[in-house]
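Data block below; observations after.
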Amino acid sequence: MNRKINVHNLEPGMIPASDLLAGNGRLLVNSGIPLSGKHIRALKTWGVREVLVREPPGSQNSQQTGNDTGQDKEVYQDPELLDLAAKKMQPYLVHVDLEHPAMQELFRLAKMRLAREMARNPDLRFVSTHSTQTRMHGEVLFGKQQPQPVTSDPDSLDFNSLEFPYLPELSLKLQEALVDPKCSAAKLADIISLESGFSRRLLNVVNNSFYGFTFRIESIFQALTLLGTRQVTMIALSLHIKSMFKSLKPPGMNMNKFWKHSMACAIAARIMGSFRGAMNMERLFLAGILHDIGKVILMQNFPQHMSHARKKSVQGKKLSYLAEHEVLGVDHAFIGGLLLSRWKLSLILEHTVKYHHSPGLSMHQPETAVLHIADIIAHFCLLGIEDFEYVPPLDSTAWEVSGLDPANFASCVQQIDRFLLKSKS
């Protein structure tokens, strides 16, 4: 006899009664193969919600269907912690429609995870929402006495002279190879293998549980054959750009918090793309890493103006990108798109980043809608634990275009938590 089990209740050794596929149709586990811990992590990450497993003769059917672990249930049922978590989050949600089913689910998940964190770290309970907001936008990020910009007239700013970071040489070679129809997998493997340390990092990523391989991939050529040249190239670009972040240190900007948000968004975008299907998930991951890169560029070039925009955001309860537009005449999303254009990355990637706050303007709305939602998920996941600006509102049209379901959010939150836990160690 077979029964369906929620993916969060799977245990190593259970045997699937049918082949397990990702949202894009990729085979993750063959039927009849006992599940390992690595299999289960891959199923969660690829968005599989239920698995039909074989019921051993004489076993009892527990019929567990919930998403929460026992530890989660214990914390989530504490009404005092749940109420406190909701109060800590509310000041950041002034622009969010909590009547929308998607936002209701995100609020529920974020409230539960914040309650869990407060149970683990009692110090989080005693930081008032007011003091958190003051620290976030004031002294820690921009110093005690920040001078006002000489002018707030956007017409006085020269965006043609912006200093943009350069792509590493290997990334440029990968770009050229990707658009060359004559470039073979063997040639691309030779390009990637020019840097042995980079090749090892790339193979470590490919052998991550996310990709669900039951065997270890030993060579770049094998990775290209199994995953495809475009996907491996996007992984390689992501690795190079992640390393580039380490060298960017704009004055007055907390790059650790910025990096956590960028990675949380990238993780959510890739998982949402797997639910959506028919999308390049590594391109979405790269878009998540890069979606706020315009903030770094603006802080490097116009630190006083950006400080002024942040203060306008706080004092007027404005969304950060709208405050940036008032002060500078552009926002970070536009500058991020300009950078990707300079780097000659794909138009899909450029539009996904450029319009992630206004997805209706993008020529590639499905990808942009997914990134738009991933950004909101990342904001929710860091509320009350890492300090960030107001959560942007959900574009209702983008939600319809995305084709996603609020039930998809739990997997994103779980994987973001795994990343945040790893980043602490």
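The values are calculated or read from the model by the stated rules, or taken from the named source; none is laboratory data. This one's a predicted model, so the numbers in the text were calculated from it and none came from an experiment. Reconstructed Cβ throughout: ideal geometry from the backbone, glycine too, with neighbour counts over all protein chains shown.
Is it the case that residue 203 is farther than 17 Å from residue 270 by Cα and touching a residue at least 40 places away in the same chain (Cβ under 8 Å)?
no
The residue list 393, 359, 406 contains one member that is closer than 27 Å to residue 86 by Cα and at pLDDT 95 or above, which is 393.
Being within 19 Å of the chain's Cα centre (by Cα), closer than 30 Å to residue 36 by Cβ and either surrounded by 20 or more Cβ atoms within 10 Å (Cβ to Cβ) or of a type in the set (S, T, N, Q) (or both): is that true of residue 223 here? The answer is no for residue 223. Among the residues of segment 21-53, those that are part of a strand (DSSP E or B) and at pLDDT below 85 comprise 21, 27, 28, 29, 50.
Apart from one condition, residue 219 fits all of (1) closer than 26 Å to residue 294 by Cα; (2) touching a residue at least 24 places away in the same chain (Cβ under 8 Å); the exception is (1).
The criterion of being charged (D, E, K, R), surrounded by 16 or more Cβ atoms within 10 Å (Cβ to Cβ) and within 24 Å of residue 343 (Cβ to Cβ) holds for residue 270.
Table: residues versus (1) in a loop (DSSP other than H, G, I, E, B); (2) without any contact (Cβ under 8 Å) to a residue 12 or more places away in the chain; (3) buried (at least 22 other Cβ atoms within 10 Å of the Cβ).
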{"site": "326", "(1), (2), (3)": "no, no, no"}
{"site": "373", "(1), (2), (3)": "no, no, yes"}
{"site": "392", "(1), (2), (3)": "yes, no, no"}
{"site": "408", "(1), (2), (3)": "no, no, yes"}
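Among the numbered conditions (1) under 12 Å from the mean Cα position of the chain (by Cα); (2) at pLDDT 85 or above, the only one that residue 257 does not meet is (1). For residue 414, are the conditions met, namely being in contact (Cβ under 8 Å) with a residue 60 or more places away in the chain and either closer than 23 Å to residue 279 by Cα or not aromatic (Phe, Trp, Tyr) (or both)? Considered against the rule, which asks whether it is in contact (Cβ under 8 Å) with a residue 60 or more places away in the chain and either closer than 23 Å to residue 279 by Cα or not aromatic (Phe, Trp, Tyr) (or both), residue 414 comes out as yes.
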